[in-house]
1. Working with all protein chains in place, sort D184, D194 by solvent-accessible area computed with a 1.4 Å probe, largest first.
2. Pick from S221, S170, S141 the residue whose mean-square fluctuation is largest in a GNM of the chain, springs joining Cα atoms under 10 Å.
3. In the chain, carbon and sulfur make up what percent of the accessible area (probe 1.4 Å)?
4. At 1.4 Å probe size, with every protein chain present, just tell me what the per residue accessible area of the chain comes to in Å².
5. Quick one: net charge around G122, please, counting Lys, Arg +1 and Asp, Glu -1 for every other residue with C-beta under 15 Å from its C-beta.
6. Please report how far the C-alpha centroid of segment 183-204 lies from that of segment 232-246, rounded to the nearest whole angstrom.
7. Which of A102, A21, A87 ends up with the largest GNM mean-square fluctuation for the chain, with Cα atoms connected below 10 Å?
8. Ignoring everything but the protein chains, give the 1.4 Å probe accessible area of R97 in square angstrom, nearest 10.
Amino acid sequence: MKPEPTAPLHSVRYVLRVLEAVSKYGGGVTEDRIARDSGLPPGHLVPLLTLLCREGYVERLADGAYVLGNAPALLGPGSARRRALEARLQRGLDELRDSVGAAVYLSRYIDGEIRVTQIAEGPLTPAVNEWVDFRSTAHASAIGKCLLTQLDRNGRREHLARHRIARFTSRTITSERLLFSRLDSRPPTVPVLDLQEYAVGTVCAAVPLTAGSTVGCLALSLPVEYAHRLRAAAETLNRRAAPMALSLTL
């Protein structure tokens, strides 16, 4: 006797049938055609298409037709996978930007340097003016301080030996001892703040992205006149960090 497929296996089979149906039509395919090709009734097809769109495996065009999204490339090797991952991360940053109403940044510590790898900004959510190279602002910017918290004391000292502490505003911490004390006393679940320490007129918050050995962070910036929104925005940033970190591990 052959065992009957279980419900989860049926679900996987439905997903495969839908993806096969969509992939056959490069210019887009309607729900009715997908239903006929896959054999799925509309009651099952609509929520499945919604899920696949949300995960990036399928994309809905302006005319209502469906095409394959970028996510399938994540299963492949090389540059195509990297581009698909960057596109997925950018979509996540854009959604977060719209949710918090602030420019959002993804940053990593790579080969001993601070690198802002992706930014989501817009006309109503402008990015901070990088008037001093971010690589030299670890002691003052929310991004830099958040990355330093993830290094050990020797790693911090080595970084600051290459990028000397400098005063950018009247609020900039210029004492290494005071800086390390504040970094060590910050609870891990509390976002790192920059209250006009890097640039006058801008406040920022950053939270760490823990993904294996990756040292990274998720950050946002607001004009100082919206500083009253910083706390709520930082809390949203904190909640969204885990899914973003998961994307980095793919």
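The values are calculated or read from the model by the stated rules, or taken from the named source; none is laboratory data. The structure displayed is predicted, hence computed values, not measured ones. Here the Cβ positions follow ideal geometry from the backbone for every residue, glycine too, while neighbour counts run over all protein chains shown. Note: accessible area is taken over every heavy atom of the protein model, side chains too, but ligands, DNA and RNA are not part of it. Shrake-Rupley method; radii C 1.70, N 1.55, O 1.52, S 1.80 Å.
1. Listed by decreasing accessible area, they come as D184, D194.
2. Among S221, S170, S141, the largest GNM mean-square fluctuation belongs to S170.
3. Answer for the chain: carbon and sulfur cover 54 percent of the accessible area.
4. Ligands and nucleic acids excluded, the result is 55 Å² per residue.
5. Overall, the nearby charge balance is -2.
6. Answer, in whole Å: 16.
7. In the Gaussian network model the winner is A21.
8. Ignoring ligands and nucleic acids, R97 comes out at about 40 Å².
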